[in-house]
Amino acid sequence: MKNNIYDCLILGAGPAGLSAALYCARSNLKVALIDSFAIGGAPGNYCEIENYLGFKKIQGFELCEKFEEHIDEFNVEKFPYEEIKEVDLTSDIKKIKTQEREFSAKTVIIATGAKPKKLGIKGETENIGKGVSYCAVCDGAFYQDKIVTVIGGGNSALEEALYLTKFAKKVYLIHRRNDFRADEIVKERVKKNKKITLILDTIPIEIIANNKVEEIVIKNIKTEEEKKLKTDGVFPYIGIEPNSDLFFKQIKTDESGFILTDETMQTNLKGVYAIGDVRKTPLRQVITAVSDGAVAGVSSGKYIMKLKEETTKV
Ligand code: NAP
């Protein structure tokens with residue numbers, strides 16, 4: 001029975017989780033990764049990454065593949081496509097139930113990431129897959145010579161708008177203010193791209209579809225003027241919300257649900273760490289996720305070492 005207890009279970013196999021797995025494995029911990037989807041996480045849906053040190057430009061999926069290849073050099077058990085149903089993190093031995101099995105572990109690292117926020121307007125949820133998409137990399141190719149609309153003013157909205165210009169003949173970029181919060185270099189590229197039409201100080205009101213998306217109703221928040229734009233696709237990129245619902249009753253979060261940690265990545269519970277996009281952090285990038293993972297992997301190793309020392313003292 002004892003051998004079935006993992007030293008560390010990592011929930012989420014994106015860059016943060018994979019990096020934590022590497023550090024745990026190098027500390028000789030018995031470690032496993034569980035993810036409800038494939039190994040690699042969110043970067044698989046990004047177009048190009050050009051701010052991961054050492055790679056001037058790399059496709060998101062390619063970087064994920066490299067991360068997994070690296071992990072495969074070590075003794076890390078992987079459980080992809082296993083949805084976590086229940087967690088009990090409060091005891092010394094933590095329990096994680098998936099549809100398939102039950103896991104026990106001395107430490108748990110939460111790396112469950114975040115999901116796209118919804119606009120919450122009429123016509124959005126009903127038309128997912130019929131013109132509303134949260135993944136330009138997955139769906140962009142369907143919009144060859146078509147018109148698409150991207151909503152948001154952060155790095156995601158601007159980078160994905162640029163990516164969509166590879167296919168679409170026109171990309172509307174709708175933002176609720178008149179200044180973008182994306183990185184300067186990305187802003188410059190967007191402003192120079194002739195296929196992108198900026199529509200600022202404007203919010204979307206409704207997506208109109210007839211089996212597939214046809215128009216979007218928008219409203220200028222300064223003039224209150226409403227108008228309809230013909231569009232074949234709508235890509236909302238208005239931020240993210242943490243995948244932390246499973247942990248609410250046990251783990252402390254901020255008001256938006258992002259998990260609070262100390263500098264060792266430990267949460268309010270001993271032996272439970274949180275890393276990457278699910279954590280309250282000032283910067284959400286692949287490089288910071290990987291860095292969080294390293295810290296948590298080492299913290300988990302130290303915690304296990306301390307447990308061993310305490311057991312040998314008794
Ligand atoms: P974000 O930076 O939070 O930006 C969200 C954007 O959506 C903001 O411009 C915001 O407007 C707008 N917005 C929010 N709610 C809205 C609503 N209800 N209606 C209309 N607009 C709304 O989110 P993100 O771009 O998804 O990025 C998430 C994190 O990942 C960020 O930390 C980002 O830097 C990082 N990221 C980094 C890269 C990269 O480094 N290459 C790429 C992608 C993402 P306001 O500006 O007015 O608040």
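Please treat every number below as a calculation from the coordinates, not as lab data. Model, not experiment: these values are computed from the prediction. With ideal geometry, Cβ positions are generated from the backbone for all residues, glycine too; neighbour counts draw on all protein chains shown.
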(message) Report the rotationally averaged projected area of the stretch 1-84 based on its alpha-carbon convex hull, in square nanometres.
(response) 5.8 nm²
(request) Go through the stretch 37-100 and name the GluC sites (Glu not before Pro) that are in a DSSP coil and have 14 or fewer other Cβ atoms within 10 Å of their Cβ. (result) 50, 73, 83, 100
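Over the chain, what relative contact order in percent results from Cα pairs under 8 Å that are six or more residues apart?
Answer for the chain is 21 percent.
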(message) For residue 240, what residues show an amide H to amide H distance below 5 Å, using hydrogens built from the backbone and excluding near sequence neighbours?
(response) 117
(request) Could you give the DSSP H helices of the chain that reach 24 angstrom or more along their long axis (alpha carbon positions) and whose average Kyte-Doolittle hydropathy is no lower than -1.0? (result) 286-313
(message) Can you give me the C-alpha center-to-center distance between the stretch 31-76 and the stretch 267-307, rounded to a whole angstrom?
(response) 17 Å
(request) Convert each backbone phi in the stretch 199-214 into a coupling constant with the Karplus relation 6.51 cos²θ - 1.76 cosθ + 1.60 (shift: θ = phi - 60°), then list the ³J(HN,Hα) values in order as whole Hz, x for Gly and Pro. (result) 10, 9, 6, 9, 10, x, 10, 7, 10, 9, 9, 9, 6, 9, 4, 10
(request) Using the structure shown, list the pairs from 115/187; 115/249; 270/302 with a Cα-Cα distance above 18 Å, or answer none. (result) 115/187; 115/249
(message) Could you give each residue of the stretch 129-146 its phi-based ³J(HN,Hα) in whole Hz, using Karplus coefficients 6.51, -1.76, 1.60 with θ = phi - 60°, and x for Gly or Pro?
(response) x, 10, x, 9, 9, 10, 9, 5, 5, 6, 10, x, 5, 6, 10, 4, 6, 10
(request) Run through the DSSP bridge list for the stretch 1-83 and note the antiparallel percent, rounded to the nearest 5. (result) 25 percent
(request) Counting other Cβ atoms within 10 Å, keep those with at most 10, restrict to DSSP loop, and tell me which trypsin sites (Lys or Arg not before Pro) in the stretch 210-314 are left. (result) 222, 249
(request) Sort the stretch 118-236 into rounded, prolate or oblate with this rule: let a ≥ b ≥ c be the square roots of the eigenvalues of the Cα gyration tensor; rounded if a/c is under 1.5, and if a/c is not under 1.5, prolate when a/b is larger than b/c, oblate otherwise. (result) oblate
(message) If you filter the stretch 57-134 for trypsin sites (Lys or Arg not before Pro), then keep DSSP loop positions with at most 13 other Cβ within 10 Å, what is left?
(response) 57, 101
(request) Find the centroid of the Cα atoms in the stretch 185-221 and in the stretch 224-257, then give the distance between the two in whole Å. (result) 17 Å
(request) Go through the stretch 221-226 residue by residue and turn each phi into a ³J(HN,Hα) via Karplus (6.51, -1.76, 1.60, θ = phi - 60°); whole Hz please, and just put x for glycine and proline. (result) 6, 8, 9, 6, 6, 10
(request) Compute the Cα gyration tensor for the stretch 1-146, then decide on rounded, prolate or oblate, letting a ≥ b ≥ c be the square roots of its eigenvalues: rounded whenever a/c is under 1.5, prolate when a/b is larger than b/c in the other cases, and oblate in all that remain. (result) oblate
(message) Straight-line reach only, C-alpha to C-alpha below 17 angstrom: list the lysines that residue 56 could link to, leaving out same-chain residues fewer than 8 apart.
(response) 66
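Between residue 69 and residue 118, what length comes free when the chain is fully extended (0.36 nm per residue of separation minus the Cα-Cα distance, one decimal in nm)?
Details: separation 49, 0.36 × 49 = 17.64 nm, distance 3.36 nm.
Once the chain is fully extended between residue 69 and residue 118, it gains 14.3 nm.
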(request) Enumerate the amide H contacts of residue 122 below 5 Å, restricted to partners 5 or more residues apart or on another chain; note that Pro and chain-start residues carry no placed amide H. (result) 207
(message) Only bridges whose two residues both fall in the stretch 118-236 count here: according to DSSP, what percent of them are antiparallel, nearest 5?
(response) 45 percent
(request) Could you tell me what percent of the DSSP beta bridges with both partners in the chain are antiparallel, to the nearest 5? (result) 45 percent
